[in-house]
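The values are calculated or read from the model by the stated rules, or taken from the named source; none is laboratory data. All figures in this text were calculated on a predicted structure; none of them were measured in a lab. Note that each Cβ is placed from the backbone with ideal geometry, even for glycine, and that neighbours are counted across all protein chains shown. These accessible areas exclude ligands, DNA and RNA; they are computed on the full protein's heavy atoms, side chains included. Shrake-Rupley method; radii C 1.70, N 1.55, O 1.52, S 1.80 Å.
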Amino acid sequence: MYKENAWKKYDNLDEIMQFNEEYKAFISTGKTERLCVRNSVKLAVSNGFININDVKEIKPGMKIYSTNKEKNICLFVIGNKPLTEGLRVLGAHIDSPRIDVKQNPLYEKDGFALLDTHYYGGIKKYQWVTLPLSIYGVVCKKDGSVIDVVIGDDENDPVVGINDLLIHLSADQLTKTGAKVIEGEDLDVTLGNIPLNDEEKNPVKANILKLLKDKYDFDEEDFVSAELEIVPSGKARDFGLDRSMVMGYGHDDRVCAYTSLKAVLDIDNPEYTSCCILVDKEEVGSIGATGAESLYFENTILKLLDKVGCGTILNLRTTLENTKMLSSDVSAGYDPLYAGVNDSKNAAYLGNGVCFNKYTGARGKSGCNDASPEFIAWLRKIMDENNVNYQTAELGRVDQGGGGTIAYILGNYNMDVIDCGVAVLNMHAPWEIVSKVDVYEAYLAYKTFLTK
């Protein structure tokens, strides 16, 4: 059962390093779901993909994409077999833990202008203080115009942040548990300290509003229809003196989103229609119009079926039932500093290749998708035949905790689904870490799955 470290099979590392340079650029410029979709569309179009709304007739080899509310994208490479014989699907999510701005957020207190926030997804709140943070998002005005907001990642931009208490006055704070040492309502972002001249009421807040009006042309009431996300400032960087890893924001799950996207972009004329779907809202339960539970995915498949003259619900159900899917999602990487939370025989190790999780869930596999052994045997065969390094893992020791992915949602269609992704250290922290060779092996695994 020993799995050799994936680095050992490479004499020349240039391709791995170049692939990761492109990945670093993707996550550095795609810090929100909207930006991920925009970047994905650009890559798709440059690789010959056509918007589904411009397609009248579908033929094998065609490359098609569809977007949904600027937070989902589906890409298809049409195969030689009929759609009803099933698809090969890679599904990843592009939302990551972050801090969202409330709808009535801006206030002044004791000479500071601050933004009131509500954190998104599972985070350790204390990890988000004293960091340089950026503001990304959109402001939608009543006249229908949409303003893109990006503050903090250009080297000439200011950054914002969340303050913490100095150690000299922290006697009471340090008696609290890790879950309570920083409270959710205390994750407010400091914006400024200069008062606006001749403004008597809330002069610091007034000055911030003036700056936003001058730069972005929106008013305080426009916060009501804004979607602003607070994320770590800075680009993804090489990690380790040997540059073996990447530290960046949002590896969960944009590392699997990018490798899945690239796998679909880089294939031609597959036997079965290949698909990559990138979804939102996984970190909060995959709900809503842009989550995996949305009807968007099956509606898009139905559109394809309609364009080949078999757009019935029965054909849709048959297509989905015959489909095989990799739920492209990350796994918890083994950390020698915290070895006790893992079963070492069933843990994901950085550098050992892509990781298959037969099931996730918590405690007694609650909330899991449990992949069939027949499907796993087929995957083992094609990975071994194509020299792809892979490993298997569980998400920590039994009863230690747990987690879930979108796998069980797609499994509801009666398709074969298994979780397959990259091992991550510092998962859900502002800065996460992955192995470059695992990123590359994930790409090879996804491409193998689509084409074999």
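With respect to being modelled with pLDDT under 95 and crowded, with 18+ Cβ neighbours inside 10 Å, Ala332 fits the description.
Of the residues in the stretch 232-242, at least one is open to solvent by 30 Å² or more (accessible area, probe 1.4 Å), farther than 27 Å from Asp95 by Cβ and not aliphatic (A, V, I, L, M).
Yes/no per residue for (1) at pLDDT 95 or above; (2) over 21 Å from the mean Cα position of the chain (by Cα):
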{"residue": "Ala371", "(1), (2)": "no, yes"}
{"residue": "Glu394", "(1), (2)": "no, no"}
{"residue": "Thr405", "(1), (2)": "no, no"}
{"residue": "Tyr413", "(1), (2)": "no, yes"}
{"residue": "Leu425", "(1), (2)": "yes, no"}
{"residue": "Glu432", "(1), (2)": "yes, no"}
{"residue": "Glu441", "(1), (2)": "yes, no"}
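Working only within the stretch 156-178, note down all residues that are part of a loop (DSSP other than H, G, I, E, B), over 19 Å from Glu229 (Cα atoms) and without any contact (Cβ under 8 Å) to a residue 40 or more places away in the chain. Matches in the stretch 156-178: Asn156, Asp164, Leu165, Leu166, Ser170, Ala171, Asp172, Lys176, Thr177.
If you go through the stretch 432-444 and keep only what is open to solvent by less than 10 Å² (accessible area, probe 1.4 Å) and either outside any strand (DSSP E or B) or more than 21 Å from Ile16 (Cβ to Cβ) (or both), you end up with Lys436, Val437, Asp438, Val439, Glu441, Ala442.
To keep it simple, each residue is scored yes or no on (1) out of contact with any His (no Cβ under 7 Å at 6 or more places or on another chain); (2) at pLDDT below 95; (3) open to solvent by less than 50 Å² (accessible area, probe 1.4 Å).
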residue: Pro158; (1), (2), (3): yes, no, no
residue: His168; (1), (2), (3): yes, no, no
residue: Leu187; (1), (2), (3): yes, no, yes
residue: Leu191; (1), (2), (3): yes, no, yes
residue: Glu199; (1), (2), (3): yes, yes, no
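On the stretch given as the stretch 180-236, residues that are touching a helix residue (DSSP H, G or I) at 6+ places or on another chain (Cβ under 9 Å), in contact (Cβ under 8 Å) with a residue 24 or more places away in the chain and among the aliphatic types (A, V, I, L, M) total 7.
Here Lys124 does not qualify as farther than 21 Å from Val181 by Cβ and not hydrophobic (A, V, I, L, M, F, W, C). Residues in the stretch 351-368 that are exposed (fewer than 15 other Cβ atoms within 10 Å of the Cβ) and closer than 15 Å to Leu326 by Cα: none. Residues that are crowded, with 16+ Cβ neighbours inside 10 Å and of a type outside the set (Asp, Glu) were ranked within the stretch 97-111; the one that is nearest to His428 (Cα to Cα) is Pro97.
Just for the stretch 335-348: of the residues that are surrounded by fewer than 20 Cβ atoms within 10 Å (Cβ to Cβ) and assigned to a loop (DSSP other than H, G, I, E, B), which one is modelled with the highest pLDDT?
For the stretch 335-348, the residue satisfying everything is Asp335.
Within the stretch 317-339, being touching a residue at least 40 places away in the same chain (Cβ under 8 Å) and farther than 22 Å from Leu278 by Cβ holds for Arg317, Thr318, Glu321, Asn322, Gly333, Tyr334, Asp335.
Quick check on this structure: which one of Ala429, Ala371 is in a loop (DSSP other than H, G, I, E, B), open to solvent by 10 Å² or more (accessible area, probe 1.4 Å) and of a type in the set (A, V, I, L, M)?
On the way: Ala371 fails: open to solvent by 10 Å² or more (accessible area, probe 1.4 Å).
Ala429 is the lone residue from the list that is in a loop (DSSP other than H, G, I, E, B), open to solvent by 10 Å² or more (accessible area, probe 1.4 Å) and of a type in the set (A, V, I, L, M).
Does Asp214 meet the test of being of a type outside the set (Val, Ile, Thr), in a helix (DSSP H, G or I), within 20 Å of Val354 (Cβ to Cβ) and out of contact with any Phe, Trp or Tyr (no Cβ under 9 Å at 6 or more places or on another chain)? No: the conditions fail for Asp214. Asp217 fulfils the conditions (1) on the phi > 0 side of the Ramachandran plot; (2) in contact with a Leu (Cβ under 7 Å, 6 or more places away or on another chain) except for a single criterion, (2). Number of residues in the stretch 63-121 that are within 22 Å of Leu261 (Cα to Cα) and either within 22 Å of the chain's Cα centre (by Cα) or outside any loop (DSSP other than H, G, I, E, B) (or both): the value is 27.
Counting the residues of the stretch 1-36 that are open to solvent by less than 10 Å² (accessible area, probe 1.4 Å) and among the aliphatic types (A, V, I, L, M) gives 3.
Selection over the stretch 346-358 of residues that are more than 16 Å from Val422 (Cβ to Cβ) and either in contact with a helix residue (DSSP H, G or I) (Cβ under 7 Å, 6 or more places away or on another chain) or in contact (Cβ under 8 Å) with a residue 60 or more places away in the chain (or both) gives a count of 1.
Candidates in the stretch 134-155 are the residues that are in contact (Cβ under 8 Å) with a residue 12 or more places away in the chain and more than 16 Å from Arg34 (Cβ to Cβ); of these, the one that is surrounded by the fewest Cβ atoms within 10 Å (Cβ to Cβ) is Lys142. Note on the stretch 174-222: residues that are among the polar types (S, T, N, Q) and closer than 13 Å to Tyr107 by Cβ amount to 2.
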